[in-house]
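Just below is one structure, and these are the notes that go with it.
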Amino acid sequence: MVSWLSQMLSRQLTNFPVRRDESERMRRQWLAHAEGLVLEIGFGSGLNLPYYGSNTRELMALDREFDDSPQFRARMRSVRFPVLFVKAGAQKIPLQDHSVDTVVSTWTLCSVGAIPAVLAEVRRVLKPSGKLIFIEHGLCSQKGRGRLRSLQKVWSPIQQKIADGCRVDHDIRAEIEMAGFQLVDVEEGFVPGCRPMAFFTRGIARLDENPR
Ligand SMILES: C[S@@+](CC[C@H](N)C(=O)[O-])C[C@H]1O[C@@H](n2cnc3c(N)ncnc32)[C@H](O)[C@@H]1O
């Protein structure tokens, strides 16, 4: 019961701290770049489904838990490509090396726990020409925002407990770069919403040929 409540809260936290039209705008902007065989980690209730474009050939939807709400079933009915559900943790993706064209991670890295382990798996399953599309909230990296960063760090452990592991004290850009990706297109900053949860890093990363 507690875990169900926490999951529900986590999924609501995807929606309510940021204006809905703004999250839809980000999903529309970035998911249009998905192509080929796509793996979405932390698929949740399928909020990204309407935004995949015609270049998406097939979707592997990975999550440790799946939704079965009427809204989810309605989203599934309008999908034009095959969707395969993979029930697994993103730190051990049951796919072969270099088998996926695009990995999508939206509002997911905040709650996976071990981001380096998950991104190492993303690296492993991506083809050398593949891309990672991400929309993630996290620690504000802007200069002069020390007080907000402190607030995020204090609030994060509380949010983690009540919202299925979701934290806002990860430096998303640094995590992606340290995992051996090169950011080829990135936008960073606040979107309209509740400030501690509304600092977003979103864009496209590719495998870095010379990782740190
Ligand atoms: C806040 S929801 C975001 C859902 C969706 N990506 C979106 O944009 O609406 C986070 C999702 O990540 C999933 N998740 C968290 N940790 C995970 C892990 N280690 N492996 C797989 N899925 C995970 C949760 O079950 C949840 O569905």
Review point. Is there a residue in segment 154-168 that is crowded, with 22+ Cβ neighbours inside 10 Å, touching a strand residue (DSSP E or B) at 6+ places or on another chain (Cβ under 8 Å), on the phi < 0 side of the Ramachandran plot and part of a helix (DSSP H, G or I)?
Key: no
Practice item. Could you tell me which residue of segment 56-69 is farthest from the ligand (Cβ to nearest atom), considering only residues that are part of a loop (DSSP other than H, G, I, E, B) and among the acidic types (Asp, Glu)? Key: ASP68
Practice item. From GLY44, GLY113, GLY130, GLY89, grab the single residue that is more than 24 Å from ARG206 (Cβ to Cβ) and touching a residue at least 60 places away in the same chain (Cβ under 8 Å). Key: GLY44
Practice item. Return yes when ALA74 is at pLDDT 95 or above, assigned to a helix (DSSP H, G or I), aliphatic (A, V, I, L, M) and more than 8 Å from the ligand (Cβ to nearest atom) and no when it is not. Key: no
Review point. So how many residues does segment 84-98 have that are in a loop (DSSP other than H, G, I, E, B) and out of contact with any Pro (no Cβ under 8 Å at 6 or more places or on another chain)?
Key: 9
Review point. So which residues in segment 96-114 are crowded, with 17+ Cβ neighbours inside 10 Å, farther than 13 Å from PHE43 by Cβ and more than 10 Å from the ligand (Cβ to nearest atom)?
Key: VAL100, ASP101, THR102
Review point. Which ones in segment 22-55 are within 12 Å of the ligand (Cβ to nearest atom), among the hydroxyl-bearing types (Ser, Thr, Tyr) and either assigned to a loop (DSSP other than H, G, I, E, B) or more than 13 Å from the chain's Cα centre (by Cα) (or both)?
Key: SER45, TYR51
Exercise for review: Would you be able to say whether some residue in segment 102-118 is in a loop (DSSP other than H, G, I, E, B), polar (S, T, N, Q), touching a Gly at 6+ places or on another chain (Cβ under 9 Å) and closer than 24 Å to GLU187 by Cα?
Suggested key: yes
Point to revise | Unique residue being assigned to a helix (DSSP H, G or I), more than 13 Å from the ligand (Cβ to nearest atom) and farther than 18 Å from PHE199 by Cβ when the list is ARG149, ARG124 | key: ARG124
Check your understanding: Residue check, ASP68 against (1) modelled with pLDDT under 95; (2) in contact with a Phe, Trp or Tyr (Cβ under 9 Å, 6 or more places away or on another chain), all met but one. Which one?
Key -> (2)
Review point. Out of segment 133-146, which residues are among the polar types (S, T, N, Q) and either within 16 Å of the ligand (Cβ to nearest atom) or free of Cβ contacts under 8 Å to residues at least 40 places away in the same chain (or both)?
Key: none
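The values are calculated or read from the model by the stated rules, or taken from the named source; none is laboratory data. The structure presented is a predicted model; accordingly, all values stated were derived computationally and were not measured. Note: ideal-geometry Cβ built from the backbone for every residue, glycine included; neighbour counts use all protein chains shown.
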